[in-house]
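Structure first, commentary second.
The values are calculated or read from the model by the stated rules, or taken from the named source; none is laboratory data. Note that this is a predicted model, so its numbers are computed, not measured. Backbone-built Cβ (ideal geometry, glycine too); neighbour counts: all protein chains shown. Note: accessible area is taken over every heavy atom of the protein model, side chains too, but ligands, DNA and RNA are not part of it. Shrake-Rupley method; radii C 1.70, N 1.55, O 1.52, S 1.80 Å.
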Amino acid sequence: MQWETVIGLEIHAQLSTKSKIFSAASTKFGQEPNSQACAVDLGLPGVLPVLNKEAVDKAIRFGLAVNAHINQRNVFDRKNYFYPDLPKGYQISQLDWPIVGEGEIEISIGDETKIIGVTRAHLEEDAGKSVHDMFDDYSAIDLNRAGTPLLEIVSEPDMRSAKEAVAYAKKIHALVQYIGICDGNMQEGSFRCDANVSIRPMGQEKLGTRAELKNINSFKFLEKAINLEVERQQDIIEDGGEVVQETRLYDAVKNETRSMRSKEEANDYRYFPDPDLLPVEISDEMLENIKSELPELPQEKKARFINDLGLNDYDADVLTSQKSLADYFEIMLEGNTSNAKLCANWVMGELSASLNKNQIEIDNSPVSAQDLSLLITRIGDDTISGKIAKDVFKAIWDGEGSADEIIDAKGLKQMTDTGAIEAIVDEIIANNAPQVEQFKSGNEKILGFFVGQAMKATQGKANPKLLNELLRSKLS
Amino acid sequence: MSLTQDQVGQIAYLARLSLSDEQLESNTKDLNSILGLAEQLADIDTDDIEPMAHPLHMSQRLREDVVNEQDQSELFQTIAPKIGNKHYLVPTVIE
């Protein structure tokens with residue numbers, strides 16, 4: 001039977017605030033255990049949560065960026081369950097009145113684009129962290145993370161393959177960094193994905209029973225976990241069984257998903273509005289202010305790269321896929337507005353290849369945007385040719401200095417002295433009579449031979465344009 | 001609307017309350033009497049009424065994003081049943 005996969009994602013983005021969502025304790029990562037868990041975070045008697053304005057602000061920013069309806073009146077609820085890293089016995093979240101309503105985002109897979117619906121996004125507090133391997137008979141609880149603001153972004157079940165799910169997750173990941181609401185650090189858990197996966201016979205409208213996959217902390221694992229789960233569900237159904245609705249944990253080491261807890265019984269959270277928190281009212285003024293301060297969004301940047309810089313769709317898409325990449329490119333552009341295409345080629349070509357090969361993120365590139373920008377300038381003003389530039393790039397990468405220093409030190413400056421090139425051209429023509437004949441009898445391709453000879457004679461330093469002109473005029 | 005004894009047992013389990021059979025019976029009776037009182041609301045047409053999230057007609061005050069809590073973990077941990085390596089310790093919970 002032909003099966004169709006249906007995927008919806010729940011993404012938890014940690015909002016990059018200084019203090020927690022309901023307390024004035026720090027959210028800084030990696031501090032001494034429990035040193036940042038204050039009385040409010042611990043849920044001690046008599047404390048009162050007070051909502052962080054910045055968390056609200058950042059949630060709204062996200063809503064605006066996905067064209068969503070902002071619920072100017074929204075309400076916090078208590079989600080009740082027992083777990084040692086949840087000191088209050090409930091998590092403060094939003095159920096019926098989330099801050100961000102329905103929105104959408106466009107993803108691209110190859111040449112195809114697709115709109116994925118965002119069902120909602122709501123504010124909530126994170127729980128603490130349980131460490132199970134520190135003591136033999138105890139689980140150790142660190143509540144520093146308790147109360148850290150999260151934005152839970154829920155998608156429609158609009159994705160039909162693991163690839164689409166990854167494309168969507170990457171898009172949201174890039175977006176939250178663009179608008180400065182989340183650092184996107186997946187290793188530190190600032191950006192986490194849960195995937196709801198089900199399958200149904202192709203053409204059937206009714207959704208199949210879904211499993212929720214948790215503990216996925218990279219895009220690679222997201223794709224693997226979904227594909228594993230689809231296979232598992234197909235096997236069950238094709239063997240005459242039924243998929244049960246459950247939470248499954250992805251194990252990256254064993255590359256398997258396994259049932260997490262008999263959550264069925266506990267899955268009754270008995271939500272009710274939190275009496276400690278009043279409904280949130282967002283004024284028109286606050287909404288307008290946030291709207292006016294919203295930075296350029298990835299799709300807007302892409303459109304600008306195409307319309308103003310003349311880049312093609314593919315280049316513009318790649319360059320705006322990550323904020324750090326777009327930032328790098330834009331710094332390069334500052335001195336090279338007329339060489340945008342050349343800048344794009346170098347970022348996506350030589351630079352990306354070197355970064356990939358050495359597994360370095362662009363933020364830590366040994367060749368800074370300013371370095372590469374200068375190199376492009378030197379190609380643009382004919383100081384060096386594109387070919388020589390590759391050697392200079394490598395030297396900058398290896399820390400030998402700036403483009404100008406390397407060009408000077410190695411004597412790579414292009415020959416633009418017409419007289420000098422002319423002398424070389426004359427000599428080559430004199431020594432290669434048969435090839436000259438061929439050119440004269442109409443073999444245009446043989447010009448390449450002369451160019452090659454001249455480049456060889458000048459160690460690649462002859463200005464290609466000048467050389468071509470001289471050759472043509474001398475040969476004809 | 002009324003609750004069965006099983007449902008009350010389930011609610012008690014979710015709240016981690018251990019009820020004896022007698023308590024379960026009397027609690028079911030009490031809860032059903034409370035629900036009966038609230039049931040009068042069902043006679044009112046509430047179609048055009050926005051559900052109330054809070055009895056006070058006020059909105060939430062927002063706090064500026066400033067850190068001003070000091071580390072008081074040593075003080076807080078004096079009332080914890082068990083601590084170790086600066087962590088709160090609980091009987092092993094493993095998924």
If you go through A:Asn443, A:Asn468, the only one that is within 24 Å of A:Lys413 (Cα to Cα) and surrounded by fewer than 18 Cβ atoms within 10 Å (Cβ to Cβ) is A:Asn468
One residue is enough: does the stretch A:307-323 have a residue meeting the conditions in contact (Cβ under 8 Å) with a residue 60 or more places away in the chain and surrounded by fewer than 20 Cβ atoms within 10 Å (Cβ to Cβ)? yes
In the stretch A:65-80, anything surrounded by fewer than 16 Cβ atoms within 10 Å (Cβ to Cβ) and within 19 Å of A:Tyr271 (Cα to Cα) is listed as A:Arg73
In the set A:Tyr269, A:Tyr250, the lone residue that is among the aromatic types (Phe, Trp, Tyr), touching a residue at least 12 places away in the same chain (Cβ under 8 Å), surrounded by 16 or more Cβ atoms within 10 Å (Cβ to Cβ) and over 30 Å from A:Val56 (Cβ atoms) is A:Tyr250
Counting only residues in the stretch A:222-243 that are surrounded by 15 or more Cβ atoms within 10 Å (Cβ to Cβ) and among the charged types (D, E, K, R), the one nearest to the chain's Cα centre (by Cα) is identified as A:Glu223
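Going through the stretch A:67-91 one residue at a time, which ones are among the basic types (Lys, Arg) and more than 9 Å from chain B (Cβ to nearest Cβ)?
A:Arg78, A:Lys79, A:Lys88
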The number of residues in the stretch B:76-91 that are open to solvent by 40 Å² or more (accessible area, probe 1.4 Å) and in a loop (DSSP other than H, G, I, E, B) is 6
Taking the stretch A:239-259 and keeping only residues that are in contact with a Phe, Trp or Tyr (Cβ under 8 Å, 6 or more places away or on another chain) and modelled with pLDDT of 90 or more, one is left with A:Tyr250
- prompt: Can you spot a residue in the stretch A:434-445 that is without any contact (Cβ under 8 Å) to a residue 24 or more places away in the chain and within 25 Å of A:Ile379 (Cα to Cα)?
  reply: no
Of the listed residues (B:Ser18, B:Ser26, B:Ser73, B:Ser59), the one being open to solvent by 80 Å² or more (accessible area, probe 1.4 Å) and either of a type outside the set (A, V, I, L, M, F, W, C) or more than 14 Å from chain A (Cβ to nearest Cβ) (or both) is B:Ser18
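Of these, A:Gly349, A:Gly399, which one is part of a loop (DSSP other than H, G, I, E, B) and modelled with pLDDT of 90 or more?
Working: A:Gly349 fails: part of a loop (DSSP other than H, G, I, E, B).
Sole residue among the options that is part of a loop (DSSP other than H, G, I, E, B) and modelled with pLDDT of 90 or more: A:Gly399.
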Next on the checklist: A:Asp382 - would you say it is open to solvent by 40 Å² or more (accessible area, probe 1.4 Å), touching a residue at least 40 places away in the same chain (Cβ under 8 Å) and not in a helix (DSSP H, G or I)?
Outcome noted: yes
Of (1) closer than 23 Å to A:His12 by Cα; (2) free of Cβ contacts under 8 Å to residues at least 12 places away in the same chain; (3) part of a loop (DSSP other than H, G, I, E, B); (4) of a type outside the set (Asp, Glu), A:Arg258 satisfies every one except (3)
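Taking A:Thr148, is it in contact with an Asp or Glu (Cβ under 8 Å, 6 or more places away or on another chain) and within 14 Å of chain B (Cβ to nearest Cβ)?
Working: in contact with an Asp or Glu (Cβ under 8 Å, 6 or more places away or on another chain): yes; within 14 Å of chain B (Cβ to nearest Cβ): yes.
Yes, satisfied.
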Log entry, pairs with first residue in the stretch A:186-197 being in a strand (DSSP E or B), second being open to solvent by 10 Å² or more (accessible area, probe 1.4 Å) and of a type in the set (Ser, Thr, Tyr), beta carbons closer than 8 Å, six or more apart or on different chains, reads A:Val197/A:Thr5
Within the stretch A:35-64, restricting to residues that are open to solvent by less than 10 Å² (accessible area, probe 1.4 Å), at the interface with another protein chain (Cβ under 8 Å from one of its Cβ atoms) and under 21 Å from A:Ile282 (Cβ atoms), the one that is nearest to the chain's Cα centre (by Cα) is A:Ala55
